Amino acid sequence: MAEEMIVKELDQVVVRFSGDSGDGMQLAGNLFSTISATVGNDISTFPDYPADIRAPQGSLTGVSGFQVHIGAGKVFTPGDECDVLVAMNAAALKTQYKFAKSTACIIIDTDCFQKSDLEKAAFKTDNPIEEMGIKNDVIAAPISQMVKDCLADSGMDNKSMLKCRNMFALGLVCWLFNRDLTIAENFLREKFAKKPAIAEANIKVIHAGYDYGHNTHSSVAHTYRIESKTVNPGKYMDITGNKATAYGFIAAAEKAGLKLYLGSYPITPATDVLHELSKHKSLGVVTVQCEDEIAGCASAVGASYAGALAVTSTSGPGICLKSEAMNLAVIMELPLVVLDVQRGGPATGLPTKSEQTDLLQVLFGRNGESPMPVLAATSPTDCFDAAYEASKIALEHMTPVVLLTDAFVANGSAAWKLPKLAEYPAINPPYVPAELKGTWTPYQRNEEGVRYWAIPGTEGFTHILGGLEKDNATGAISTNPENHHLMTQLRQQKIEKIQVPDVEVEGDKDDAELLIVGFGGTYGHLHAAMDELRAAGKKVALAHFKYINPLPANTAEVMKKYPKVVVAEQNMGQFAGYLRMKLDGFVPYQYNEVKGQPFVVNELVSAFTEILNK
Amino acid sequence: MCEFTAKDYKKGQPRWCPGCGDHFFLASLHKAMAEIGVAPWDIAVISGIGCSSRLPHYMNTYGMNTIHGRSAAIATGCKVANPNLTVWQVSGDGDGLAIGGNHFIHANRRNVNLNMILLNNRIYGLTKGQYSPTSPRGFVSKSSPYGTVEDPFCPAELCFGARGHFFARAVATDAAGTVDILKAAYKHQGSSVCEILQNCVIFNHGTHESVYTKEGRAKNAIYLEHGKPMLFGENKEFGLVQEGFGLKVVKLGENGITEKDILVHDAHCEDNTLQMKLALMQGPEFPVALGVIRDVEAPTYDDGVYAQIEEVSAKKNYHNFEELLLTNDTWEVK
C-alpha cells in the first residue's frame, strides 16, 4: 500500500528548532525533549539564544535556537550537528543551516519566506534553498496559513493564532519520530491551566501539524523510531543546570538544618538561580537582590556569620567584584558558597556564551595568600551534586568554596532521576561545643584544623571577627610576624586536608595511549570524543576533574600512567597550567578553544587523532 | 528579665588617639546599650574599615570589623538571615559615604532594621589625613594641598534622598545627647541613621568646633524634640520660623514674636521637606540641628521578607525538598 512509510530505527537523533526569538522555539524544544524523555530516551538539550532582548523581527541577529539530542542509550552532549532542522523563517535558515548534517531533513514555514523576509535575511534571490546550495530533504509547508485555517473558528485574533506556529512545527516533528501526542496535551493543559482556550488551541495545532505530516508524508522517505534502552528505573524530570544548582543548595540547607540565604545581583547566565530560589519561600529560602555584586557577596558573608548556609551567585565580571568579600570569608573562616556560572570574557565579553576562562581567577584572583576550594560541575544534572558538595565542604570546613559551572551546563538540560535526600551524606558543621564556654577563643580549631562556629545569639560565645589578621590563640588583632606566618599556614593546611574523591579514569584505563583530561562542563563532549575514538579502535581514556582545589589524591599517579596526555579546555590552558604547577615535570598536550560555543566532538576526535599519530 | 550595666558591653582597651571623638562615642554606646537592655549575645556590631571601625573590638557583643565600605551590606545579610539579632552598623564618613556610599543609600531605601552609626570627622584618619566626602570645598589636606575643588555630601541629604525614615545627629562629646539618639534609633523599626559629629585631634582638629563644647552648643546648636517648639540659645531666646520655602532665626520678644510663632518640631511627618531644611542648617546664620530630626514609621525590609515567607508557605503545598521535586513534570521509567 502506498500509505506505508518506512520506519527507520535510530540510536540517536539531534533536532534543532530555530526561529525568531519570539517564535517559541525554546518551548517547542523543551516539549519535544520532555515527550522523548517520557518514553525513556536519554536527552541532552542546549538553548542558543541571542544576547539582545528583542532584535528586529525576522532579522539575522534575532534568531533563537534550541537543540535536543535524544538517544536510545546514554547521550553525553546536545550533539554537534542536527538530523532535523526546523527553520521558522528565512533568517533562521540562513543562520542555522550550518548546524545541519548533509543528510538532515529541513522543515520550513514557507509563509515566512516571502520577499520581505528574504530581504531581512539578506538573501539575494527569491529561492533561498537554491541560493544556499541546499540539497537536503526539505519539508516546505505553509505553516502560518495552516495554523490560521486550523484556528479560523476559534475567535482568536491573527496575532494570537500565529503564536501557535511553534506547535505546528512540533506536531510535524512528533510525526517524524512517531511520538505520542498525549504527553504534549497534558503538558499544555497544565502550562495553560488558567487559559484553557489557549491550551486547546495549541493542542489543536499540534495535531494539525502531526496530521499534515501523516497525510502528505511531507516529501520525506521515512520516519524514525528511537527505542529506549534506559535501564535505571525510577521517577525522572527534565532539569537545567541552573535549576539543579538551586536545588542542590536547597537540599544541602535542609540536610544541614540551616536557613538558605542567597545574596545576588542579576547577571546572565546566572540569574536563573536567583529566579529559582526566589520562588521557594515555602521552604524558608531567603533571597536578597542586592544593589551590586559586591553587596551580594558581602551580605552573604553577613548571613553566614549570623548562622545561615550563605550563597552568592554570579557570572563574568561579577566574580571580579566579589573577590574582596570572598577574601573576607577566607580570613574570618566563615562558610560561603560562591557560584560562578562562567561566560565569555574578558569584561562584559559574550554574556550568553560559554567558556571555562575563570578558573585561575577563582583559584588565585585575590590579594594575599587566599586558599579556597574550587569545584566544577560536569553536567546539568551534576550541578545538583556539585552544589550539595560545595555547601557541605563550606559548612564542614568553615571556608568559602567556589562552585564553577558555565553557560553550557547552566542552560542545558538533561533527564534527572529524582534524588532521595536520605541517601546524601550528612552535613555536620563544627558548631562550638557548649563545654568550651568560658575558655573558647574565635580561632580555636578542631582536629581537622577547622575553626569552631559560634552563632550569634548564643550566650557565652560573643566574639569579634574581622578582616585584620588575628592572633591564633586569642583572636585579637595581631601584626606579629610569626603569628601571621602561622595563620597563613593554618588556612592553607585546612584546605589541603579536605578529602575529595579520586579522579576516575574511564575508557581504556589500563592501556590507553592517550589520556584525555578535562574539567567541569566539557565532560559530555570529551566523553563522546573518547567513545568515538575507541569505536575506531584507538586506545583512549578520560580523566575528568570535578574537584579542582584540592586536587584528588591520585592526580599525579593518573597523569604519569599514560604515554600521552592532552588537557582539553575552553580557555588558553588554565587547567593545564595549574596541573603543571602542581605536578613536577608534567608537560601535557593542550587543546584550547575559546569560541563561546561548546566543543564540537568531530573536531576533538580529529585533534586527538593527530596527537595519537605523533 | 536581665539587667545590664555599661560594663557588660565593654571589652579591651581602645587604641584611638587621646582626645579622639571615638572614645566619647564608645562610652555613650555602652551606656545606651545598657539602658536599652538587649543582652550582649543578642547584639551584632558590624563595622567597615577606618579609625572608627575599630569599635567592635571594644564591644563584648558579637560583631565584625569587616572590609572598607561594605559594612551596611554585610549588616543587611546578618539582620535578614537572623532577624532576632539587634544589629548596629558602624562606619566613618569615608567608609560609609565614599567607598560604601552605594550600600549606605540602599540600606536606607530598603529600610532594613539596622542602627546605622556614621562617625563624621570629615577626614580620612587611618590613612593619615586625606580629605573625605564630607570635607568642605577648599579643604586642605595631604591629598589636596591646594584645597579641594569638590563639594561635600551632607549625610542627612543622602539619607533623605534614599527615602530614609530615621535621621538623628549628636556631638560625640555630648554623652546625654548621643545616648538619647541611640536609644531612639534602637526604638525605630527600620534603618536609623545617627550622624555623630566628632573631632580628629591629629588630622582635622577643630572641625565641628562651634558645637563641640557645652557652651558652644548652647549658642550654636538647637536640640530638636518631637512636639516641642524649635527654641535655642543660652536662654532659649531664639527660635525658628518659616519664611517662604526656608527657615529664619528670630528672637523672642522682638517684632512681637512670641513662642506661639515658633515652629514645632514634627519628626514623624512623612514629608521630609522641613526636616531636610533643619538638617541642612549651618552656622553662623543658623544653629546646627541636633537630636532626632526624622523618625517616621514604615514597613521594614526584614519584616517584609518573613511576612512573605509566612504568606507563601500558607498557600503552597510543598514545604521540604522532596515535596519540591514533585512540583515538577515527572515521568516514570520502569
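All of the numbers you see were taken from the coordinates with simple rules; none came from a lab. Just so you know, these numbers come straight off a predicted model, no measurement behind them. Reconstructed Cβ throughout: ideal geometry from the backbone, glycine too, with neighbour counts over all protein chains shown.
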### Query
Arranged by the count of other C-beta atoms within 10 angstrom, fewest first, what order do A:Val587, B:Val90, A:Val558 take?
A:Val587, A:Val558, B:Val90
## Note on the structure
Mean separation of Cα contacts under 8 Å (at least 6 apart) over the residue count of region A:172-331, i.e. the relative contact order in percent, is 19
### Task
Treat each spin label as a single point 7 Å out from the Cα along the C-beta direction, and report the A:Thr458 to A:Gln289 distance in nm.
3.6
### Message
Starting from the 7 Å offset along Cα-to-Cβ, what nm value, one decimal, do you get for the label separation of A:Lys235 and B:Glu243?
### Response
7.7
### Task
Please state, rounded to one decimal and in Å, the Kirkwood hydrodynamic radius that chain A gives when every pair of distinct Cα atoms enters the mean of 1/r.
26.1
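Multiply the residue separation of A:Ala434 and A:His214 by 0.36 nm, subtract the distance between their alpha-carbon atoms, and state the gained length in nm to one decimal.
On the way: separation 220, 0.36 × 220 = 79.20 nm, distance 7.33 nm.
Residue separation times 0.36 nm, minus the Cα-Cα distance, leaves 71.9 nm.
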### Task
Return one number: the angle in degrees, 0 to 90 and rounded to the nearest 10, between the long axis of the Cα atoms of helix A:523-535 and the longest principal axis of the Cα atoms of chain A.
60
### Message
How many angstrom lie between the Cα centre of region B:83-124 and the Cα centre of region A:109-147?
### Response
61
### Message
Modelling each spin label as a point 7 Å along the Cα-to-Cβ direction, I'd like the A:Val594/B:Lys334 distance in nm, to one decimal.
### Response
5.3
### Message
Suppose only helical runs count, i.e. DSSP H with n ≥ 4. What mean residue ellipticity at 222 nm does that imply for chain A under -39500 (n - 2.57) per run, divided by all residues and rounded to the nearest 500 deg cm²/dmol?
### Response
-11000 deg cm²/dmol
### Message
I want the antiparallel fraction of DSSP beta bridges within region B:84-238, as a percent rounded to 5.
### Response
20
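Please state the shape class of region A:265-337: rounded when a/c is under 1.5, otherwise prolate if a/b exceeds b/c and oblate if not, all from the C-alpha gyration tensor. Could the numbers behind the result be given before it?
On the way: a/c = 2.29, a/b = 1.14, b/c = 2.00.
Oblate, since a/c reaches 1.5 and b/c is not below a/b.
Among B:Ser52, A:Ser44, A:Ser116, rank each residue by its count of other Cβ atoms within 10 Å, from fewest to most, as a rough exposure measure. Mind showing how you got there, number by number?
On the way: B:Ser52 30, A:Ser44 27, A:Ser116 10.
With the sparsest Cβ surroundings first, the list reads A:Ser116, A:Ser44, B:Ser52.
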### Convex hull of Cα atoms in region A:285-392, direction-averaged projection (nm²)
6.9
### Message
I need the calculated FRET efficiency for the pair A:Glu131 and A:Glu610, taking r as the beta carbon distance and R₀ as 41 Å, to the nearest 0.05.
### Response
0.70
### Message
Under 10 Å, Cα contacts only: if you run a Gaussian network model on chain B, which one of B:Met59, B:Met281, B:Met33 comes out with the highest mean-square fluctuation?
### Response
B:Met281
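Run the numbers for B:Gln189 and B:Lys128: contour at 0.36 nm per residue of separation, minus the present Cα-Cα distance, in nm.
Details: separation 61, 0.36 × 61 = 21.96 nm, distance 3.66 nm.
Result: 18.3 nm gained on full extension.
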### Message
Cut-off under 17 Å on the C-alpha distance; same-chain residues fewer than 8 positions from B:Lys260 excluded. Which aspartates and glutamates are left, in chain and number order?
### Response
B:Glu225, B:Glu237, B:Glu243
### Message
Looking at chain B as a GNM with Cα springs under 10 Å, which of B:Ala184, B:Ala34, B:Ala267 has the largest mean-square fluctuation?
### Response
B:Ala34
### Query
Could you give the angle, 0 to 90 degrees to the nearest 10, between helix A:293-305's Cα long axis and the longest principal axis of the Cα atoms of chain A?
50
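Considering Cα pairs under 8 angstrom that are at least six residues apart, work out the relative contact order of region B:97-222 and quote it in whole percent.
Details: 215 pairs, mean separation 35.6, N = 126.
Answer for region B:97-222 is 28 percent.
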### Message
Below 8 Å, C-alpha to C-alpha, sequence gap of six or more: please give me the relative contact order for region B:1-156 in percent.
### Response
17
### Task
Provide the net charge surrounding B:Val112, with neighbours chosen by a C-beta distance below 11 Å and charges set as Lys +1, Arg +1, Asp -1, Glu -1.
+1
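Of all DSSP beta bridges located in the protein assembly as shown, what percent are antiparallel, nearest 5? Please report the intermediate quantities before stating the final value.
Numbers: 52 of 140 bridges.
Antiparallel bridges: around 35 percent, rounded to the nearest 5.
I need B:Arg294, B:Arg217 ordered by Cβ neighbour count within 10 Å, fewest first. Show your work: numbers first, answer last.
On the way: B:Arg294 28, B:Arg217 21.
By the 10 Å Cβ count, ascending: B:Arg217, B:Arg294.
Say R0 is 41 Å: what FRET efficiency, to the nearest 0.05, do A:Gln114 and A:Asn186 get from their beta-carbon distance?
Values: r = 36 Å, r/R0 = 0.87.
For A:Gln114 and A:Asn186, the calculated efficiency is 0.70.
If you count, for every residue in A:446-455, the Cβ atoms of partner chains within 10 Å of its Cβ, what is the mean?
Numbers: counts 0, 0, 0, 0, 0, 0, 0, 0, 2, 4.
Averaged over the peptide's residues, the number is 1.
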### Task
Round to the nearest 10 and give me the degree value, 0 to 90, for the angle of helix B:71-81's Cα axis relative to the longest principal axis of chain B.
40
#### Entry: A:Ala197-A:Ala422 FRET efficiency (beta carbon distance; Förster radius 35 Å; 0.05 resolution)
0.20
### Query
When all C-alpha to C-alpha distances in region B:1-110 are sorted into bins of 10 Å, what percent of pairs does each bin hold, rounded to whole numbers?
15, 45, 34, 6, 0
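Arranged from highest to lowest average of other beta-carbon atoms within 10 Å per residue, in what order do the peptides B:188-201, B:304-317 appear?
Values: B:188-201: 25.4, B:304-317: 13.1.
Per-residue Cβ counts within 10 Å, averaged per peptide and sorted highest first, yield B:188-201, B:304-317.
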### Task
Calculate the mean, over all residues of peptide A:306-315, of how many other protein chain Cβ atoms lie within 10 angstrom of the residue's Cβ.
3
### Task
Could you check what % of the DSSP bridge pairs in region A:405-551 are antiparallel, to the nearest 5?
40
### Message
Please list, by residue number, every one of the trypsin sites (Lys or Arg not before Pro) in region A:1-102 that is coil in DSSP and has at most 13 other beta-carbon atoms within 10 Å.
### Response
A:Arg54
### Query
For region B:223-282, which GluC sites (Glu not before Pro) are in a loop by DSSP, counting at most 13 other Cβ atoms within 10 Å?
B:Glu234, B:Glu237, B:Glu270
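Anything over 21 Å Cα to Cα? Flag those among A:Lys437/B:Lys187; A:Lys159/A:Lys279; B:Lys219/B:Lys277; A:Lys417/A:Lys539; A:Lys539/A:Lys582; A:Lys8/A:Lys163, in the order listed.
Numbers: A:Lys437/B:Lys187 31 Å; A:Lys159/A:Lys279 31 Å; B:Lys219/B:Lys277 19 Å; A:Lys417/A:Lys539 32 Å; A:Lys539/A:Lys582 27 Å; A:Lys8/A:Lys163 32 Å.
A:Lys437/B:Lys187; A:Lys159/A:Lys279; A:Lys417/A:Lys539; A:Lys539/A:Lys582; A:Lys8/A:Lys163, as the Cα separations exceed 21 Å there.
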### Summary
Candidates B:Ala27, B:Ala172, B:Ala81; GNM for chain B (alpha-carbon contacts under 10 Å) flags as most fluctuating B:Ala81
